[in-house]
Amino acid sequence: MKIAIVCYPTFGGSGVVATELGLELAHRGHEIHFITYRQPVRLALLNPNVHYHEVNVPEYPLFHYQPYELALSSKLVDMVKLYKIDLMHVHYAIPHAYAGYMAKQMLKDEGIIIPMITTLHGTDITLVGNHPHYKPAVSFSINKSDVVTSVSQSLKDDTYALFNIKKEIHVIPNFIELDKHRNEKQISCQRSVMATKEEKIITHISNFRKVKRIPDVINIFYKIQQKMPAKLMMVGDGPEKEKAEFLCQKLGIQERVIFFGNSNEIDKILSYSDLFLLPSETESFGLAALEAMAWSVPVISSNSGGLPEVNFDGISGYLSNVGDTDEMAKNAIAILENDSILEQFKSNALNVAQQFDIKNILPLYEELYQSAIQNS
Ligand code: GMT
């Protein structure tokens, strides 16, 4: 199949999922066209089946806001015609499903019928999309998609609860490429650069937005390091980062916390982590938790949104109510203070991650693509 993938090119989970999906589809012989405003961060172009088309939005002084949706839908029309693309798969409803629908209509006018699959990722439904200023357009473009998928049952339920959606929503969970992890395990890592042998390594990776509850991450770690030698790896960047740095200073733990900023080396960091923290306010899936589990890292998380579908309580880690940092710290310490318990949780985390192997998930998308093409 020839597939156009529209996504955000940034470090966020939806862009990562879209990129990894496209690369694996290309690996399986499909022709993939990424269409977005910048080359996605995890996109390797060294594959003849992978193409990247940049959306340019010309600056014009009259525009207070540059019309990205217009440029994206025009680019989609041009690329579908030029490469004879069979279907569009748009990740994140805003504004991608809206632009995709416009492209479909323009193409229809020229006698070209192309199905559009929309994958909902989380904040496009629970935070931004739900805003009254966007809601009618988001509802409309979801209802006009030929196929709609969500990354968890929880997000599916939220979508039906928050919007008037008449379409069936198919749950296809996010995935992980486990073969890559097996191969990369051979690479010798430099744990000793980060921590001493006695110190446990605790990691958090996110976009440092309010929804991630960054102060909770620091407070959980503060309680852990009172009980045992430990280091905290804070990976990512966003509006809450500076506040977090000040909080570490206030608590006197700045020497024990490393702020990496956005990193392309998260696999390396996870490969030597002992525990992963994700106490988010809401999380439709929690891809970062799954990435940690694929490196045999147990997860201490909140129980909000789709997290219970990924992190199994008492097995791959523990779940607590949002904001219950006392319980989260207690559970973290219970895992970390006993080597055989830690080993058990590490092996469980990997076992659970195996259920989300890309090899099991990718055929679900392929089936939906086939039926969308047949029904269009
Ligand atoms: O807030 C983020 O984590 C970024 C956001 C995104 O759109 O990239 O992540 C959402 O999509 C990810 C991939 O499907 C999910 O794993 C995250 O749980 C989801 N974030 C939220 O629901 C807050």
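The values are calculated or read from the model by the stated rules, or taken from the named source; none is laboratory data. In this text the structure is predicted, and so the values were computed from the model without any measurement. No Cβ is skipped: glycine too gets one built from the backbone with ideal geometry, and neighbour counts run over all protein chains shown.
Of the residues V90, V77, which single one is under 21 Å from D146 (Cα atoms) and within 13 Å of the ligand (Cβ to nearest atom)?
Values: V77 fails: within 13 Å of the ligand (Cβ to nearest atom).
That would be V90, the only listed residue that is under 21 Å from D146 (Cα atoms) and within 13 Å of the ligand (Cβ to nearest atom).
Quick check on segment 326-339. Is at least one of its residues within 16 Å of the ligand (Cβ to nearest atom) and under 19 Å from A230 (Cβ atoms)? Please lay out each step first, then the result.
First, pick out the residues of segment 326-339 that are within 16 Å of the ligand (Cβ to nearest atom): none.
There is no residue in segment 326-339 that is within 16 Å of the ligand (Cβ to nearest atom) and under 19 Å from A230 (Cβ atoms).
Tell me, which helices (runs of 4 or more DSSP H) wholly within segment 272-376 include 2 or more residues that are more than 18 Å from the chain's Cα centre (by Cα)? Give the derivation first.
Numbers: elements: 287-294, 325-336, 339-354, 358-375.
Ranges flagged: 325-336, 339-354, 358-375.
In this structure, is M293 outside the structural domain of S152 (by TED's automatic domain parsing) and within 16 Å of the ligand (Cβ to nearest atom)?
Numbers: outside the structural domain of S152 (by TED's automatic domain parsing): yes; within 16 Å of the ligand (Cβ to nearest atom): yes.
Taking the combined requirement at face value, the residue satisfies it.
Enumerate the pairs (first residue in segment 128-155 and surrounded by fewer than 24 Cβ atoms within 10 Å (Cβ to Cβ); second residue anywhere and among the acidic types (D, E)) with beta-carbon separation below 7 Å, excluding pairs fewer than 6 apart on the same chain, so at least 6 apart or on different chains.
Q153/E309; S154/E309
Could you please tell me which pairs satisfy a Cβ distance under 6 Å, a separation of 6+ or placement on different chains, a first residue in segment 204-226 that is away from the ligand (no atom under 16 Å from the Cβ), and a second residue that is basic (K, R)?
Q225/R256
Take the residues in segment 1-11 that are among the β-branched types (V, I, T) and in contact with a helix residue (DSSP H, G or I) (Cβ under 8 Å, 6 or more places away or on another chain), then tell me which one is farthest from the ligand (Cβ to nearest atom).
Top of the filtered list is I3.
Among the residues of segment 66-115, count how many are buried (at least 24 other Cβ atoms within 10 Å of the Cβ), free of Cβ contacts under 8 Å to residues at least 60 places away in the same chain and within 22 Å of the chain's Cα centre (by Cα).
Counting residues in segment 66-115 that are buried (at least 24 other Cβ atoms within 10 Å of the Cβ), free of Cβ contacts under 8 Å to residues at least 60 places away in the same chain and within 22 Å of the chain's Cα centre (by Cα) gives 2.
Please indicate, with yes or no, whether at least one residue in segment 257-274 is near the ligand (Cβ under 9 Å from one of its atoms), touching a residue at least 12 places away in the same chain (Cβ under 8 Å) and over 23 Å from I172 (Cβ atoms).
We begin by selecting, within segment 257-274, every residue near the ligand (Cβ under 9 Å from one of its atoms); these are none.
Scanning segment 257-274 turns up no residue that is near the ligand (Cβ under 9 Å from one of its atoms), touching a residue at least 12 places away in the same chain (Cβ under 8 Å) and over 23 Å from I172 (Cβ atoms).
Among the residues of segment 13-46, how many are among the hydroxyl-bearing types (S, T, Y) and touching a strand residue (DSSP E or B) at 6+ places or on another chain (Cβ under 6 Å)?
Narrowing segment 13-46 to residues among the hydroxyl-bearing types (S, T, Y): 14, 19, 36-37.
Still in the list and also touching a strand residue (DSSP E or B) at 6+ places or on another chain (Cβ under 6 Å): 14.
Counting residues in segment 13-46 that are among the hydroxyl-bearing types (S, T, Y) and touching a strand residue (DSSP E or B) at 6+ places or on another chain (Cβ under 6 Å) gives 1.
Restricting to segment 298-321, count the residues that are touching an Asp or Glu at 6+ places or on another chain (Cβ under 6 Å) and surrounded by fewer than 20 Cβ atoms within 10 Å (Cβ to Cβ).
0
Check segment 210-227 and report whether any residue there is assigned to a strand (DSSP E or B) and buried (at least 19 other Cβ atoms within 10 Å of the Cβ).
The answer is no; no qualifying residue exists.
Which members of segment 12-51 meet the condition of being in contact with a helix residue (DSSP H, G or I) (Cβ under 9 Å, 6 or more places away or on another chain) and part of a loop (DSSP other than H, G, I, E, B)? Before you say what the answer is, go through the steps one by one.
Taking segment 12-51 first, the residues in contact with a helix residue (DSSP H, G or I) (Cβ under 9 Å, 6 or more places away or on another chain) are 12-14, 16-17, 20-21, 24-25, 28, 30-37, 40-44, 47-51.
G12, R28, H30, Y37, P40, V41, R42, L43, A44, N47, P48, N49 - these are the residues of segment 12-51 that are in contact with a helix residue (DSSP H, G or I) (Cβ under 9 Å, 6 or more places away or on another chain) and part of a loop (DSSP other than H, G, I, E, B).
A137 versus (1) in contact with a strand residue (DSSP E or B) (Cβ under 9 Å, 6 or more places away or on another chain); (2) away from the ligand (no atom under 12 Å from the Cβ); (3) closer than 24 Å to G13 by Cα: which is the lone unmet condition?
The one condition A137 does not meet is (1).
Could you please give the count of residues in segment 46-63 that are closer than 30 Å to R28 by Cβ and among the hydrophobic types (A, V, I, L, M, F, W, C)? Talk me through it step by step, then tell me what you get.
Within segment 46-63, the first condition is being closer than 30 Å to R28 by Cβ, and the residues that meet it are 46-55.
Subsequent filtering for residues that are among the hydrophobic types (A, V, I, L, M, F, W, C) retains 46, 50, 55.
Result for segment 46-63: 3.
In this structure, does N331 turn out to be buried (at least 20 other Cβ atoms within 10 Å of the Cβ), of a type outside the set (G, A, S) and without any contact (Cβ under 8 Å) to a residue 60 or more places away in the chain? It would help to see each step written out before you state the result.
On the way: buried (at least 20 other Cβ atoms within 10 Å of the Cβ): yes; of a type outside the set (G, A, S): yes; without any contact (Cβ under 8 Å) to a residue 60 or more places away in the chain: yes.
For N331, the condition - buried (at least 20 other Cβ atoms within 10 Å of the Cβ), of a type outside the set (G, A, S) and without any contact (Cβ under 8 Å) to a residue 60 or more places away in the chain - is met.
Quick test of your reading of the structure: I117 fulfils all but one of (1) closer than 18 Å to L70 by Cα; (2) away from the ligand (no atom under 13 Å from the Cβ). Name the failing condition by number.
In the conditions (1) closer than 18 Å to L70 by Cα; (2) away from the ligand (no atom under 13 Å from the Cβ), I117 misses (1) alone.
Just checking, which of S206, S188 is of a type in the set (S, T, Y) and modelled with pLDDT under 95?
Numbers: S206 fails: modelled with pLDDT under 95.
Going through S206, S188 in turn, the sole match is S188.
Go through (1) away from the ligand (no atom under 16 Å from the Cβ); (2) over 17 Å from A230 (Cα atoms); (3) not hydroxyl-bearing (S, T, Y) for L342 and report which single condition fails.
Unmet for L342, out of (1) away from the ligand (no atom under 16 Å from the Cβ); (2) over 17 Å from A230 (Cα atoms); (3) not hydroxyl-bearing (S, T, Y): (2).
Only helices (runs of 4 or more DSSP H) wholly contained in segment 78-148 count here; list those with 1 or more residues that are on the phi < 0 side of the Ramachandran plot and modelled with pLDDT of 95 or more.
On the way: elements: 93-109, 123-126, 135-143.
Qualifying helices (runs of 4 or more DSSP H): 93-109, 135-143.
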